[in-house]
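Novice: The following block contains the structure, expressed as C-alpha cells.
Values in this text are rule-based calculations from the coordinates and carry no lab data. Note that this is a predicted model, so its numbers are computed, not measured. Positions of Cβ are generated from backbone atoms using ideal geometry, with glycine treated the same way; all protein chains shown enter the neighbour counts.
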There are 2 protein chains.
Amino acid sequence: MGKVIAEQSMSLDGFSTGPNISVGDPLGENGELLHEWMFPPQGINFMVRDEMFSTAGAVVMGRRMFDLGLEPWGDDPPFHMPVFVVTRRPRDPLAMQGGTTYHFVTGVEPALEAAKAAAQRKDVTILGGANTIQQLIKAGLIDELRIHVAPVLLGAGTRLFEAATGPRIDLEIARVIDGPGVTHLTFRVTRSIRSS
Amino acid sequence: MGKVIAEQSMSLDGFSTGPNISVGDPLGENGELLHEWMFPPQGINFMVRDEMFSTAGAVVMGRRMFDLGLEPWGDDPPFHMPVFVVTRRPRDPLAMQGGTTYHFVTGVEPALEAAKAAAQRKDVTILGGANTIQQLIKAGLIDELRIHVAPVLLGAGTRLFEAATGPRIDLEIARVIDGPGVTHLTFRVTRSIRSS
C-alpha cells in the first residue's frame, strides 16, 4: 500500500497563497514567491521537485486549484497520471495528453479512495489547496506532510493550517533539506490526539 | 553594533503557545511540546539553546511573558543580564541573583532602545511573546528570526505571526539545523516591502 502525501509550499507565517486570489492571479499577491524554488529548480531543489510525482500513482486536488490550474497546466499537464478533483458538481472525466486524466469526484474522502484505487501500490499525492489538505488531516488520512517553507512573511493569504481545525496532531520529522531559497520539511503524521 | 534577534519556538501550524494560557499553565494546553527540545537538550539542541544568550547583552520580553515566567525562573533567572519588560505600568527595577535585573519600560520600541544601550555592542534577544515580536517586525526593527519548529500541529493557541500584520517581509535563510525533535531555522530579515 502506498502512502498519502500532502505537498505544499508555505510562507514562514503559514500561508499557502497570497491574498486576493483570482483566475488572473491564481497564487494571490506575492504568492509566486512560495513557488519560486521550482521555477527553475536549482541544486537539490531539482530532486525535491521531481520526487513529487516519481513515487505517485495518482493526484488529488481541490476544485479551486483545478479551476485555477487548468489553463496554465495546458494540454499536456505535468502530472502524467490520473488526477482526482474534489467537486460538488461531478462531470465526465477529461482526458489530456501525456497520461493525465482529470476525474471529478464529490467529497474529499471519496476522491482519496478513488485515487488510492487508481494508484494501486504507488503513493497518492495531495496537491492542495489548503482546504483539501485540512479536511484530510482532520480525517486522519494523511501519512506524510511535505512542506516547502519559503523565506518570506506574506502577512495575508490562505492559511495552510487554519486554527481550531481539530485536536492536536503529533508529527515526526522524517527529513530536512536545506535547499537554495527554501527549506524542505518532511513529517510523518504519527497520531491524532484529542486535546486534554 | 549587535543584532536584534527574535527567538521563538513554534508549532508547524504557527502557534507559539497552546490555547488557554493561565498563570498555572503559562504555555497553554500542549504548549510544553514546543519547548521539549530544550528540556533537556540533546545533541546539537544543546548548542542551539546555549547560543540563545551567549552573544546577547540584554533581553526584551512582553509583560505577559514576564508575569508568567517570574515564578518559574526563580531567584536566579537563566538570563544573567538586564531584561527589559514592555509594560504599561512602569515600576522600579527588580534586581535578581546572578546578574539578572528586570527593568520595566513603557512601549516596545523604548524597551528595545534601552536594551540596545545596555547591550552595548552585543546582541539583543527578543524572547517574545508573539505580540512583542510582531510589533518589532512591523516596525522593521528585527535583524534575525530564530524559529524552532516543533513537529506538532497544535490546532489552536497564540499565533506567532498574526495575519495582516503588515506588508510582505522578505527573509533570507541564514541557517538550517536538523536537531533531534526540532528544526532550527534562522532567517535574516532583508527588507520590508509594501505589498503591490
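Novice: What's the magnitude of the charge dipole for chain A around its Cα centre, counting Lys and Arg as +1 and Asp and Glu as -1 at the beta-carbon? Answer in Debye, nearest 20. The partial results should precede the final answer.
Specialist: Details: 18 positive and 22 negative charges, 164 e Å.
Computed charge dipole of chain A: roughly 780 debye.
Novice: Which whole number gives the average, over all residues in B:59-65, of C-beta atoms from other chains lying within 10 Å of the residue C-beta?
Specialist: On the way: counts 0, 0, 0, 0, 0, 0, 0.
Across B:59-65, the average partner-chain Cβ count within 10 Å equals 0.
Novice: Are there trypsin sites (Lys or Arg not before Pro) in region B:74-134 that DSSP marks as loop and that have at most 12 other Cβ atoms within 10 Å, and which are they?
Specialist: Working: sites: B:Arg88, B:Arg91, B:Lys116, B:Arg121, B:Lys122; in loops: B:Arg88, B:Arg91, B:Arg121, B:Lys122.
Qualifying residues, ordered by number: B:Arg88, B:Arg91, B:Arg121.
Novice: Give the shape of chain A as rounded, prolate or oblate, defined through the alpha-carbon gyration tensor: a ≥ b ≥ c are the square roots of its eigenvalues, a/c under 1.5 means rounded, and otherwise the shape is prolate if a/b is larger than b/c and oblate if not. Don't skip to the end; give the middle numbers.
Specialist: Values: a/c = 1.29, a/b = 1.10, b/c = 1.17.
Taking the square roots of the gyration eigenvalues as a ≥ b ≥ c, chain A is rounded.
Novice: Kindly give Rg over Rh for region A:91-151, based on alpha-carbon atoms, with the Kirkwood expression for the hydrodynamic radius. Could the numbers behind the result be given before it?
Specialist: Details: Rg = 13.1 Å, Rh = 13.2 Å.
A ratio of 0.99.
Novice: Report, for chain B, the % of DSSP beta bridges that are antiparallel, rounded to 5. Let's see the in-between values first.
Specialist: Numbers: 21 of 45 bridges.
If I count the DSSP bridges inside chain B, around 45 percent turn out antiparallel.
Novice: How far apart, in nm, are the 7 Å Cα→Cβ label points at B:Phe46 and A:Thr106?
Specialist: Rounded to a tenth, the inter-label distance reads 6.0 nm.
Novice: Take peptide B:19-30, look around each residue's Cβ out to 10 angstrom, count Cβ atoms belonging to other protein chains, and average those counts. List each step's numbers first, then the result.
Specialist: Values: counts 3, 1, 0, 0, 0, 0, 0, 0, 0, 0, 3, 6.
Taking the mean over all residues of the peptide, I get 1.
Novice: Sticking with this one: List B:Met81, B:Met61, A:Met47 from most exposed to least, where exposure is judged by having the fewest other Cβ atoms within 10 Å. Intermediate values should be presented prior to the final figure.
Specialist: Values: B:Met81 20, B:Met61 23, A:Met47 13.
Ranked by crowding around the Cβ, least crowded first: A:Met47, B:Met81, B:Met61.
Novice: Identify the residue of chain B whose Cβ lies closest to the rotation axis that maps chain B onto chain A, and give that distance in whole Å.
Specialist: Residue with the nearest Cβ, plus whole-Å distance, for chain B: B:Gly14, 2.
Novice: Using 7 Å Cα-to-Cβ label points, what is the A:Glu36/B:Asp170 separation (nm, one decimal)?
Specialist: 0.6 nm
Novice: Another one. Going by average Cβ neighbours within 10 Å, how do the peptides A:23-29, A:64-70 rank, with the highest at the top?
Specialist: Details: A:23-29: 15.0, A:64-70: 18.1.
Top to bottom by mean Cβ count within 10 Å: A:64-70, A:23-29.
Novice: When each copy gets a label point 7 Å from Cα toward the beta-carbon at B:Gly99, what are the spacings between them in nm, shortest first?
Specialist: Ordered by distance, the counterparts are at 6.2 nm.
Novice: Hey, with R₀ at 25 Å, roughly what FRET efficiency would B:His80 and B:Ala139 work out to, going by the Cβ-Cβ distance, to 0.05? Intermediate values should be presented prior to the final figure.
Specialist: Values: r = 28 Å, r/R0 = 1.10.
With R0 = 25 Å, the Cβ-Cβ based efficiency is 0.35.
Novice: Averaged over B:182-191, how many beta carbons belonging to a partner chain fall within 10 Å of each residue's beta carbon?
Specialist: So the per-residue partner count for this stretch is 3.
Novice: Hey, another quick one. For the protein assembly as shown, what is the charge dipole size about the Cα centre, in debye to the nearest 20, if Lys and Arg each add +1 at the Cβ and Asp and Glu each add -1 at the Cβ? Display every interim value, and only then the final one.
Specialist: On the way: 36 positive and 44 negative charges, 94 e Å.
Magnitude of the dipole: close to 440 debye.
Novice: Something else: If the cut-off is 29 Å between C-alpha atoms, which lysines fall inside it for A:Lys3, apart from same-chain ones fewer than 8 positions away?
Specialist: Once the sequence-local lysines are set aside, what remains near A:Lys3 is A:Lys116, A:Lys122, A:Lys138.
Novice: For the protein assembly as shown, how big is Rg over Rh, using alpha carbon atoms and the Kirkwood form of Rh?
Specialist: Working: Rg = 22.4 Å, Rh = 22.1 Å.
Rounded to two decimals, Rg over Rh is 1.01.
Novice: Same structure, new question: Between the alpha-carbon centers of region B:93-161 and region A:105-122, tell me the distance in whole angstrom.
Specialist: If you average the Cα positions of each part, the centres end up 47 Å apart.
Novice: Whole-Hz Karplus ³J(HN,Hα) for region A:120-125, in order, using 6.51 cos²θ - 1.76 cosθ + 1.60 and θ = phi - 60°, x for Gly and Pro?
Specialist: My calculation for region A:120-125 gives 6, 8, 7, 6, 10, 9 Hz in order.
Novice: A further question on this structure: Percent antiparallel among DSSP beta bridges with both residues in the protein assembly as shown, to the nearest 5?
Specialist: 50 percent
Novice: Under a no-solvent Debye model with one identical scatterer per Cα of region A:1-72, what's log10 I(q)/I(0) at q = 0.12, 0.14, 0.24, 0.28 Å⁻¹?
Specialist: With one equal scatterer per Cα and no solvent, log10 I(q)/I(0) is -0.39, -0.53, -1.31, -1.34.
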